[in-house]
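A short write-up of the structure that comes next.
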Amino acid sequence: MAIPRETVEQILQAAHIEEVVGEFVTLKKRGSNMWGNCPFHNEKTPSFSVNPARNIFKCFGCGKAGDSAKFLMEHEHFTYPEALRYLAKKYNIKIEEKEQTPEEIMQQSIREKMFNINEFADKFFVDTLWNTEEGKSIGLEYFRERGYNNPIIEKFHLGYSPSQWDAFTTYAKKNGYNDELLEQIGFSIKGNKGLYDRYHGRVMFPIHNLTGRVIGFGGRILKNDPEKKLAKYQNSPESEIYDKKQTLYGIYFAKNAIARQDECILVEGYFDVLRMHQIGIENVVASSGTSLTMEQIRLVKRYTKNITMLYDGDSAGIHAALRGTDMILGEGMNVRIVVLPPEHDPDTFGRDFSAEYVSNYLKDNAKDFIRFKTELLLKDAENDPIKRGQVIRDIVETISVIPDSIFRITYVKECSRLLDMPEQTLTNELNKILRAKMRKTLGIDDNVVSETETTTVTPKQEETVEDQLPAGYYQERELVKLLLMYGQEMIVDERIDEDGNSILEQASVAQFIVDDLKNDGFLFTNAVNKKIFDLFDQALDEGRIPDDQFFVSHEDETIAQLAADLLSSPYKLDQWEKHGIFVKREEDVLKATVLSSIYRYKDLIVEERRKAIEEELKATTDSDDQLILLKQKKDLDDIRKTINKELGIVIAK
């Protein structure tokens, strides 16, 4: 189905950029814009801006920019129709789609097909759990025996896959899904007798992405058969839409609570997440039995810089907590660790104690990583001086990964107190480690370069991008920016008629710029700039002026990207008048700004043409050609005099 253009415009107008982005990025208001850490690249200082007035986002670090649909396409890897459908659902806009042609159906992306079959499977497993005798007596009864209530089962879309070997495979094929897709997404496995269900006889845990779409499943077996040696958990294989290292179970249900409480509690498994949510602690996610990855840490970092690791009290749980601390600290985040009593995991702890007791336990027993690691490792070392030395170096190694030097100093002081060691000794060891890391980064071989030898690293000189740009590039961009920002604004132009009378005429900025450049034969040379200029020209011929959203949401990616770039600025003058500082804004001197930009662009182009003629004069010996070139040069000189005169007038205003 294709979405009609008028519906697309309705969706994009209804979508508030700050609300859409705010689902994925913690934003803080600063002036008239909102700012946060960019979700598209790793950064410590926020350079990601959201402009509610223009309904666009822009990262001044990596350069990504656009409207709400573009954000979802970049962030969630949606296709354009997928992004529109997500926004339509969010803002309760009904989509009456046009019938797709067979060619359009064939071109449907593999990602869309995978999302569709996952949604189909989710409904099947949920329906089986609640509405079949086997589902109710085995699957639903299992969840209830473990103490989970109906609201939590429904919230997380828990389900059941029938014990029949090919129940889902047969049902999916009857509904039009082919063998290849069923194998590719991981629902079916090929055996000697054909395809059979990967998850038969298991309770099902759908895994959601940040927007709530199902990207994979986990299935837990209910019958232990020692002879068959079946895995307790069976998970979806990685696919176009599911990458385990970039996924956290429960993130869709926890993200708002994480941002609100400015803390994320990290656990290991599905049931740990379910239990915490059931007792009202909702800022909880799980790494789903895998070792914590850098991608998962950065996913949490979008919402908070504070992680509390809640792991089992056994040896495996403790060492799992230790493995993740260095990665978390290396991302400039704060990490605390809570270890439960040896006989408990988060699931059983939340089952056996009240919500109030669990909350108080987490608060009272959360230890800063330095205290946790020091106490744990020193306990292992006991009175062995060699082991104690290794512990000290291990802890200093951990401190060295912290990017903020102030925090490093703070932790050195705390470490000095806990270890009863001179602070300077620890600082010397820390500096030694940091120097070694720096030398490794610079590619300096410690075996070759002595401590007294100095090495100069000379960056490779390359031709800059600016050197390759055509004449007038930035002046063109400035004019395009004026068209986008103020194209519909009106300015008053004064002209003198044949009788010497002054006549005032009102024209839009778009009309003024387009007519002036076309009449004098100054046309843009950059392809994208010219596309935007031509769209304005065409619209003016039709008696209309397109607004900025027309370009930000344009189907041509190059136009949409440039529009978002030019409409965004990292700088904003806000409330300066309160401090007695009065600054003229661009919109206050709009006519002067437009005229100045036009004349500067013309001046640069004329100068380039003059230089070209001078080069031709040097190269030609034909007297007739020389006369023609000299005449052209004189005409250009006259134009430059006029332009410079006008520029002087404009600047003086």
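Worth a mention:
- Per-region count, region 151-170, residues in a helix (DSSP H, G or I), in contact (Cβ under 8 Å) with a residue 24 or more places away in the chain and over 37 Å from the mean Cα position of the chain (by Cα): 1
- Within region 174-219, the set of residues being surrounded by fewer than 16 Cβ atoms within 10 Å (Cβ to Cβ) and farther than 22 Å from LEU230 by Cα comprises LYS174, ASN175, GLY176, ASN178, ASP179, GLU180, GLY212.
- Residues that are touching a strand residue (DSSP E or B) at 6+ places or on another chain (Cβ under 7 Å) and of a type outside the set (A, V, I, L, M, F, W, C) within region 350-374 comprise ASN365, LYS367, ASP368, listed in sequence order.
- Evaluating TYR160 against the criteria (1) under 22 Å from ARG275 (Cβ atoms); (2) surrounded by fewer than 17 Cβ atoms within 10 Å (Cβ to Cβ) leaves one unmet condition, (2).
- Unique residue being surrounded by 12 or more Cβ atoms within 10 Å (Cβ to Cβ) and not β-branched (Val, Ile, Thr) when the list is LYS591, LYS641, LYS634: LYS591
- Condition check for HIS579: at pLDDT below 80 and either surrounded by 15 or more Cβ atoms within 10 Å (Cβ to Cβ) or not hydrophobic (A, V, I, L, M, F, W, C) (or both): yes
- The set of residues in region 500-516 being of a type in the set (A, V, I, L, M, F, W, C) and modelled with pLDDT under 85 consists of ILE503, LEU504, ALA507.
- Some residue of region 421-438 being at pLDDT 85 or above, closer than 30 Å to VAL594 by Cβ and assigned to a helix (DSSP H, G or I): no
- Subset tally (residues that are in contact with a strand residue (DSSP E or B) (Cβ under 8 Å, 6 or more places away or on another chain), in a helix (DSSP H, G or I) and at pLDDT 65 or above) for region 303-323: 1
- Entirely in region 515-568, the helices (runs of 4 or more DSSP H) that have 1 or more residues that are in contact with a Ser or Thr (Cβ under 9 Å, 6 or more places away or on another chain) and of a type in the set (Gly, Ala, Ser): 527-541, 557-567
- With respect to the conditions (1) under 35 Å from the mean Cα position of the chain (by Cα); (2) surrounded by fewer than 18 Cβ atoms within 10 Å (Cβ to Cβ); (3) modelled with pLDDT under 85, LEU535 falls short on a single one, namely (3).
This table checks each residue for (1) modelled with pLDDT of 90 or more; (2) in a loop (DSSP other than H, G, I, E, B); (3) crowded, with 21+ Cβ neighbours inside 10 Å.
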position: THR7; (1), (2), (3): no, no, no
position: GLN13; (1), (2), (3): no, no, no
position: VAL20; (1), (2), (3): yes, no, yes
position: PHE24; (1), (2), (3): no, yes, no
position: THR45; (1), (2), (3): no, yes, no
position: PHE57; (1), (2), (3): yes, no, yes
position: GLY61; (1), (2), (3): no, yes, no
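- Applying the set (1) in contact (Cβ under 8 Å) with a residue 40 or more places away in the chain; (2) more than 23 Å from ARG351 (Cα to Cα); (3) assigned to a loop (DSSP other than H, G, I, E, B) to TYR148 leaves exactly one unmet item: (2).
- Which numbered condition SER416 fails, given (1) surrounded by 14 or more Cβ atoms within 10 Å (Cβ to Cβ); (2) under 22 Å from LYS44 (Cβ atoms): (2)
- When region 69-90 is filtered for residues that are surrounded by fewer than 20 Cβ atoms within 10 Å (Cβ to Cβ) and not in a helix (DSSP H, G or I), the ones remaining, listed by number, are HIS77, THR79.
- Check on GLN100, farther than 25 Å from ALA254 by Cα, modelled with pLDDT under 95 and part of a loop (DSSP other than H, G, I, E, B): yes
The values are calculated or read from the model by the stated rules, or taken from the named source; none is laboratory data. Values in this document were obtained by computation on a predicted structure and should not be read as measured data. Glycine gets a Cβ as well: all are built from the backbone with ideal geometry, and neighbour counts include every protein chain shown.
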